[in-house]
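Derivation of every value follows stated rules applied to the coordinates shown; laboratory data play no part. The shown structure was predicted, so the numbers you read here are calculated from the model rather than taken from an experiment. For neighbour counting, all protein chains shown are included, and Cβ atoms are generated from backbone atoms with ideal geometry for every residue, glycine included.
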Amino acid sequence: MGSNSLHVLKGINFDVKAGELVSIMGSSGSGKSTLLNILGMLDEADKGEYILDNVPIKNLNEKIAAKYRNEFLGFIFQSFNLINYKSALDNVSMPLYYKGVKRKERTDRAMHYLEKVGLAEWSHHLPSELSGGQKQRVAIARALASDPKVLLADEPTGALDTKTSYEVMELIQGINDEGKTILVVTHEHDIAQMTKRIVNLKDGVIIDDSKVEQVRASQHV
Amino acid sequence: MFSKDRWSEILEALNANRFRTLLTAFGVFWGITILVLLLALTNGLKNGVTADFGNFATNSMFMWTQGTSKPYKGLPKGRRFNYKIEDVAAIKSEIPNLKYVSPRNQLGGFRGANNVIRGTKTGAFEIYGDYPEYINQQPMDILQGRFLSYSDINTKRKICVIGTGVVKGLYDKGEEVLGTYIKINGVNFLVVGTFKMSNSQGDDEQDASTIYIPFTTFGQAFNRGENVGWMAITAEDNVPITTIKQQVFDLMKSRHKVHPEDDRAIGHFDLAEQFGRISGLFSILTLVGYFVGALVLISGIIGINNIMLIVVKERTKEIGVRRALGATPWMIKGQILQESLVLTILSGMLGVSFAALVIWIMNSILDNAGEVENFANPSVSMQVVFTALIILVVSGLLAGLIPANRATKMKPVDALRVE
């Protein structure tokens, strides 16, 4: 970005163990999205190191980054980011397509994850025919499809009403219960309380990092 | 490269905005249609014009005598002279690389006075005295009987081969033609064959109203003796007649005591030269066809280029998502390139098909409506179709290149941020 570069993160040091469900909180501008982008290899840090499952992530070219993203990471976005001309099933099978999985197996696996998020019956619907909550669940199925090590969720409930938010969080908790590591960026305290650990960012530094008593989303639904 | 998955990806993307895809495709469709049609029309024009040469062997010239224009060896200028039958033998023996040397004589003319009688019917026809080789220079289809033969020449038989127009003029429908006699300028000739010109265009009626009789018979019956009216000379295929005609002229000049620099004494028409000139003209016309067609095509291709740029712009976020899901830049580039390629080739091949349909309709109209002067059988060869295909592939790739690069230039994180 040249001359108007801005140091957003000013020394972040934390690690996440396998199976953790971490929420990253902070007001806007605190650097939480930037952190998530670096973790997601969508962006690269100017300095510092990032080790994912004992693999140092550095000197990425786009090809390798793409490979790592495909194998290690699953993304869940605030605005779902489903491809609007593809059916739910095709959306879910996209990471597998880029992984080079054969069509038949791809469809089976995608279908499996759609069942897992409870949308098997909607597999041939386009995103425009789904509700917000359903879209996010398709997106979660997509993030899970390539069986990544880490799920990165950027405000996964930001575009949903409270009830649907809790449903989505219930799903995320369920996935975490099965052992998947998940990072959730959020600025909603109730959502953060549903994770197991809250990292609080302010102006690019961690001001608080503490384990919390997890609130089960199912109690709210 | 084009797996089933790729195909469905491409078709889905193209289908996502069907109307726009159609409009874009139309540019290339139209360009290639124009290109092919232009070439076909050029070809039609060429076919029409070259048909005027008849089917006559193109590496030929016709040579006749004109009065001398220079005094020589005590002979005055303005002297008239005639080729003799011995000249033919001399040319054949002294000039190498000649395929046929046919002396010819003519009686009567097309639409002249009546000169042939059969019973109560009369007609005006062109009568030629010819050698049997002549059929090799001027291809014709023998419909019944035979053409002239050397035994006719040697024994000066009074036989004739007549055109379909002659048959129509002198015989009733269904009447047996072979073995009957017709009276040419008061001399009876036995009809031994009928013919029509092969692939004749333009001069049908004149060609059909022609009678061939043996050259020697002609000389005797019509008082020409050994004189030769003119000669039709064809050279070997690999030796242009234009390069050896001067030798023939020089030989004739020396045999007839014509001043060596007297170029007016011998008249000639060099078919090969004329034909070459016309061929050159049509090569240029074909080039113009390619040029103009290509220009029209380019505007279609720029259309595709533009649309792909818009598509890439519109799908910035989608591309960001795809990359977040693990698409490498090359996968994205490949997809864009292939979309543009498929769009170009599909619309282009549709254009070729459409042009073929138009050509087909044109041909069937021409067939039904009869001949049009200087225009016949517009068509393109498979070679043109393949050339068009290559042009399409190249231009499809070109049209996709800039958009494909644009698609992956943005960092995924920025692409995802676009709304």
Subject >> Kirkwood Rh and Cα Rg combined as Rg/Rh, chain A >> reply: 0.96
**OP:** Using amide H atoms built 1.01 Å from N in the peptide plane, name the residues 5+ places from B:MET197, or on other chains, whose amide H lies under 5 Å from its own.
**Re:** B:ASP141
Original post:
Among the lysines in the range B:115-266, how many pairs, 8 or more places apart or on different chains, have alpha carbons under 19 Å apart?
Top reply: 10
Original post:
Near A:LYS10, which aspartates and glutamates are there with a Cα under 13 Å away, not counting those fewer than 8 places off in the same chain?
Top reply: A:ASP46, A:ASP203
**OP:** Please name which of B:LEU37, A:VAL117, B:ILE91 has its Cα lying farthest along the dipole of the protein assembly as shown towards the positive end, using unit charges on Cβ (Lys, Arg +1; Asp, Glu -1) and the Cα centre as origin.
**Re:** B:ILE91
**OP:** Using Cα pairs closer than 8 Å and at least 6 residues apart in sequence, work out the relative contact order for chain B, in percent.
**Re:** 29 percent
**OP:** Would you mind telling me the antiparallel percentage of the DSSP bridges in the protein assembly as shown, rounded to 5?
**Re:** 65 percent
Original post:
Any idea what diffusion coefficient the range B:1-75 gets from Stokes-Einstein, in µm²/s, Kirkwood Rh on alpha carbon pairs, 10 °C, 1.306 mPa s?
Top reply: 83 µm²/s
Subject >> Length-normalised contact order of chain A in % [C-alpha pairs under 8 Å, at least 6 apart] >> reply: 32 percent
Original post:
Short version: ³J(HN,Hα) in whole Hz for each residue of the range B:182-194, in order, from phi by Karplus 6.51 cos²θ - 1.76 cosθ + 1.60 (θ = phi - 60°), x for Gly and Pro, what are they?
Top reply: 10, 9, 9, 6, x, 10, 7, 10, 8, 7, 10, x, 10
Subject >> Charge dipole (chain B, unit charges on Cβ, about Cα centre) - positive-most of B:ALA327, B:PHE56, B:LEU190 >> reply: B:ALA327
Original post:
Could you state the principal axis extents of the C-alpha atoms in the range B:287-352, from the largest down, to the nearest angstrom?
Top reply: 50, 18, 17
Original post:
So if we plug the beta-carbon distance of B:PHE291 and B:ASP367 into 1/(1 + (r/R0)^6) with R0 = 30 Å, what FRET efficiency do we get, rounded to 0.05?
Top reply: 0.45
Original post:
Considering the zone a paramagnetic label at A:LYS102 would reach in this model (a point 7 Å from Cα along the Cα-to-Cβ line), which residues of the range A:136-159 have amide N under 19 Å from it?
Top reply: A:146
Original post:
Which distance in Å, rounded to a whole number, links the C-alpha centroids of the range A:193-221 and the range A:102-130?
Top reply: 31 Å
Original post:
Taking Cα atoms of chain B, Rg/Rh with Kirkwood Rh, to two decimals?
Top reply: 1.24
Original post:
Put +1 on the Cβ of every Lys and Arg and -1 on every Asp and Glu Cβ in the range B:154-249; which of B:THR216, B:VAL248, B:LEU178 then has its Cα farthest towards the positive end of the dipole?
Top reply: B:THR216
Original post:
Hull surface divided by four, with the convex hull built on the Cα atoms of the range B:130-237: how many nm²?
Top reply: 7.7 nm²
Original post:
Along the three principal axes, how long is the range A:140-213 when you take its alpha carbons, biggest first, rounded to the nearest angstrom?
Top reply: 34, 28, 23
Subject >> P(r) of the range B:60-269 over all Cα-Cα pairs, binned every 5 Å from zero, in whole percent >> reply: 1, 7, 14, 18, 17, 15, 11, 8, 5, 2, 1, 0, 0
Original post:
Cα-based Rg of the protein assembly as shown per 2.2 N^0.38 Å, rounded to two decimals?
Top reply: 1.72
**OP:** Among the aspartates and glutamates, select those whose C-alpha is under 19 Å from the C-alpha of B:LYS333, and discard any that sit fewer than 8 residues away in the same chain.
**Re:** A:GLU62, B:ASP5, B:GLU9, B:GLU12, B:GLU314, B:GLU318, B:ASP414
Subject >> Percent of beta bridges antiparallel (DSSP, chain A, rounded to nearest 5) >> reply: 30 percent
Subject >> Note, ³J(HN,Hα) from phi for the range B:261-266, Karplus 6.51, -1.76, 1.60, rounded to Hz, x at Gly and Pro >> reply: 9, 7, 7, 8, 5, 10
Original post:
How high is the FRET efficiency from B:THR180 to B:SER279, r the C-beta distance, R0 45 Å, rounded to 0.05?
Top reply: 0.55
**OP:** At q = 0.17, 0.21, 0.24 Å⁻¹, what is the base-10 log of I(q)/I(0) for the range B:50-140 according to the Debye formula with one equal point scatterer per Cα and no solvent? Please give it to two decimals.
**Re:** -1.01, -1.17, -1.25
Original post:
Hey, can you list the DSSP H helices of chain B whose Cα span along the axis is 27 Å or longer and whose average Kyte-Doolittle score is at least -0.5?
Top reply: B:18-51, B:271-314, B:329-369, B:382-409
Original post:
List the chymotrypsin sites (Phe, Trp or Tyr not before Pro) in the range B:45-91 that DSSP assigns to loop (not H, G, I, E or B) and whose Cβ has at most 16 other Cβ atoms within 10 Å. Which are they?
Top reply: B:PHE53, B:PHE56
Subject >> Inter-centroid distance (Cα atoms) of the range B:107-140 relative to the range B:271-313, Å >> reply: 47 Å
**OP:** With both partners inside the range B:60-269, how many of the DSSP beta bridges are antiparallel, as a percent to the nearest 5?
**Re:** 80 percent
Subject >> Point-to-point label distance, A:SER218-A:TYR50, nm (Cα→Cβ direction, 7 Å offset) >> reply: 3.4 nm
Subject >> Two-decimal Rg/Rh across the range B:294-411, once Rg and the Kirkwood Rh are taken from alpha-carbon atoms >> reply: 1.20
Subject >> Quarter of Cα convex hull surface for the range A:47-167, i.e. mean projection, nm² >> reply: 8.4 nm²
Original post:
Across peptide A:89-100, how many C-beta atoms of other chains are within 10 Å of each residue C-beta, on average?
Top reply: 3
Original post:
B:VAL187 versus B:GLN220, label points 7 Å from Cα toward the beta carbon: distance in nm?
Top reply: 0.9 nm
**OP:** Note down, for the range B:171-297, the three equivalent ellipsoid semi-axes (square root of 5 times each alpha carbon gyration tensor eigenvalue), biggest first, whole angstrom.
**Re:** 38, 30, 11
**OP:** Using amide H atoms built 1.01 Å from N in the peptide plane, name the residues 5+ places from A:VAL185, or on other chains, whose amide H lies under 5 Å from its own.
**Re:** A:ILE24, A:ALA153, A:ASP154, A:GLU155
